[in-house]
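**Student:** Provided herewith is a single structure, encoded as structure tokens, for subsequent inquiry.
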Amino acid sequence: NCSNTALEATYTDGVATPGACANESSFIRTWTLVDACGNTTTQTQTINIQDTTAPTFTVPATVTLECDQDVNDLTLTGDVTDEADNCSNTALEATYTDGVATPGACANESSFIRTWTLVDACGNTTTQTQTINIQDTTAPTFTVPATVTLECNQDVNDLTLTGDVTDEADNCGNTVLEATYTDGVATPGACANESSFIRTWTLVDACGNTTTQTQTINIQDTTAPTLVSELETSFTVICSNIPEVPSLEFTDNCSTEAIEVSYNETNTFTGDGNDYEIIREWTATDACGNSTVINQIISVISENFVHEVIQEFCIGDGTINLFDFLESGTDLNGTWISEDNTVTIESDGSFNPLELELGEYIFTYTISNNGCLETTEVSIRLNDDCIVLPCTSESIKISKAVTPNGDQYNQYFTVNGTADCSFVVDVKIFNRYGAIIFEANDYQNDWAGHAPNTSIGNSDKLPNGTYYYVVTLRNSGLKPITGPFYIGTK
């Protein structure tokens, strides 16, 4: 009241009384104003501290995740950032609750609302909502062999052959996926039965995400034709019974129309009377050049069909031509051979008996006929008065083979060369076990390999094989003649 000097009040604060929450309190402030003369006035003031301001924070408004990502991974959904409170430096932590999911456009897609809440020490609350979208944009994965090679008769639709799809996997869901395929146009291969084409495999998940892979399927033909006909690949026959060449049928795994069959035959026949082999070979080749070779080996027992001619000549009868003694129709391209080297046979088959001593001369003429030999044996006896010379064992000719098969050769077991000697021929035939199977006195060259009545079975012919003879020439003074011979009844 006495001065215009500006006065300045001062204050002191009393001890704070805690409030209802951590950020609230109250205290008494005492104000004092003193004038120039020390007159003092005091007043008290109650100051209440309150916290009514909510904290603040930031969260992404919208988050889109792939269906295989963890929606609870806050590094993916966007963690709360910029948390702040006006009254405290204490770190605040937001919490969230998720609403009911709304289905999306496909099975693996959806969306839901996530509500974030941040509360300060005095219960002031801030909330924010966040939309989380779950999507499926990742295609499934699978494995299929890149290249498959099949034989032409295998089923290209058999997935156990072409390589089924494996390792099917989708990032969303445990649903079993099944791949489908389409085949492209085939490209012809190197031959008729070969080709290749592209198979495109497709795998689609529940949301239409698609993965494709291509596979090259090669069709090849590496299998040779197989023999259908029955064929005896190895057997033995007499040369006069060689069977005709059979016509063989083959089949192929891919195509029977294009099989080509070629035939080739070789033999070891030398014309010397020895046994030989005929090798028949068929080669069946399919459209792709695959070949099967079938061999048939025929072991041939050589026969020599002998025609015996015995002639008497006086030394003065003139030139003898051996071709005159051949049967009609005999091949004349052969050569006469004399068993006596003293006889000179001319190229036309003639010789002059005047150059020879008296006695018996034997000439042979052998030709080949379909693998068998045909021999004409001419015995010429030279004398000076046409007197018949005495017979010897060398002049007796006995069969080496009997083949009663209906042709004109070797139908009977024969003992020739006795007609001019007045011998009586007795014959005994034995099998390899020593048993007599035929016996005849005064034999007339009329046994054709008939089986005895005691033989087993219904066949009237003896089986093929080697047998043995004993020929006794009664009234000859000669020892019995023995030896083997062959019977072929087939």
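Read the figures in this text as sums done on the coordinates, not as results from a lab. Because the structure is a prediction, the values reported are computed rather than measured. Every residue, glycine as well, gets a Cβ built from its backbone with ideal geometry; the counts of neighbours run over all protein chains shown.
**Student:** Can you sort Arg432, Arg114 by how many other beta carbons sit within 10 Å, fewest first?
**Tutor:** Arg432, Arg114
**Student:** In addition: With a point put 7 Å past each Cα toward its Cβ, work out how far Asp384 is from Thr46 in nm, to one decimal.
**Tutor:** Taking the simple label geometry, Asp384 and Thr46 are separated by 19.3 nm.
**Student:** How high is the relative contact order of the chain, in percent, with contacts defined as C-alpha pairs under 8 Å that are six or more residues apart?
**Tutor:** 7
**Student:** If I stretch the segment between Glu308 and Glu394 completely, what's the gain in nm (0.36 nm per residue apart, minus their alpha carbon distance), one decimal? Each step should come with its number before you reach the end.
**Tutor:** On the way: separation 86, 0.36 × 86 = 30.96 nm, distance 1.33 nm.
Going from the current span to full extension adds 29.6 nm.
**Student:** Oh, and also: Would you kindly work out the equivalent ellipsoid of segment 303-389 from its C-alpha gyration tensor and give its semi-axes, the square roots of five times the eigenvalues, largest first in whole Å?
**Tutor:** Listed largest to smallest, the semi-axes of segment 303-389 are 24, 13, 11 Å.
**Student:** Next question, about the same structure. Treat the count of other C-beta atoms within 10 Å as a stand-in for reagent exposure and order Ser3, Ser302 from fewest to most.
**Tutor:** Going from least to most buried by this count: Ser3, Ser302.
**Student:** What number in nm² do you get for segment 179-248 if you take the convex hull of its Cα atoms and divide its surface by four?
**Tutor:** 8.7
**Student:** Put a dot 7 Å past each Cα toward the Cβ at Asn133 and Ala121; how far apart are the dots in nm?
**Tutor:** For the pair Ala121/Asn133, the computed spacing is 4.2 nm.
**Student:** With both bridge residues required to lie in the chain, what share of the DSSP beta bridges run antiparallel, to the nearest 5%? Walk me through the numbers before you get to the answer.
**Tutor:** On the way: 110 of 138 bridges.
Percent antiparallel among DSSP bridges in the chain is about 80.
**Student:** Rg and Dmax in Å for segment 220-371, alpha carbons only: what are they?
**Tutor:** Rg and Dmax of segment 220-371, Cα atoms, are 25.0, 84 Å.
**Student:** Please give the contour-minus-distance gain from Lys461 to Glu355: 0.36 nm per residue of separation, less the Cα-Cα distance, rounded to one decimal in nm.
**Tutor:** 33.1 nm
**Student:** Now for a separate question. Kindly count the pairs of lysines across the chain whose alpha carbons are less than 19 Å apart, treating pairs on different chains or eight or more residues apart as eligible.
**Tutor:** 8
**Student:** Right, here's the next one. Given an 8 Å cut-off on Cα distances and at least 6 residues of separation, report the relative contact order of segment 10-49 as a percent.
**Tutor:** 38
**Student:** Same structure, new question: In cubic angstrom, how much convex hull volume per residue do the alpha carbon atoms of the chain span?
**Tutor:** 377
**Student:** Round to the nearest 0.05 the FRET efficiency obtained for Glu168 and Thr251 when R0 = 45 Å and r is the Cβ-Cβ distance.
**Tutor:** 0.65
**Student:** Moving on to the next point. Please give the length that would be gained between Asp73 and Gln154 if that part of the chain were fully extended, namely 0.36 nm times their separation in residues minus their C-alpha to C-alpha distance (nm, one decimal).
**Tutor:** The Asp73-Gln154 span can extend by a further 23.9 nm.
**Student:** Using the Cα centre as the reference, give the magnitude of the dipole from point charges on the C-beta atoms of the chain (Lys, Arg: +1; Asp, Glu: -1; all else neutral), rounded to the nearest 20 debye. Don't skip to the answer; put the middle values down first.
**Tutor:** Numbers: 13 positive and 69 negative charges, 231 e Å.
Dipole of the chain, to the nearest 20 debye: 1100 debye.
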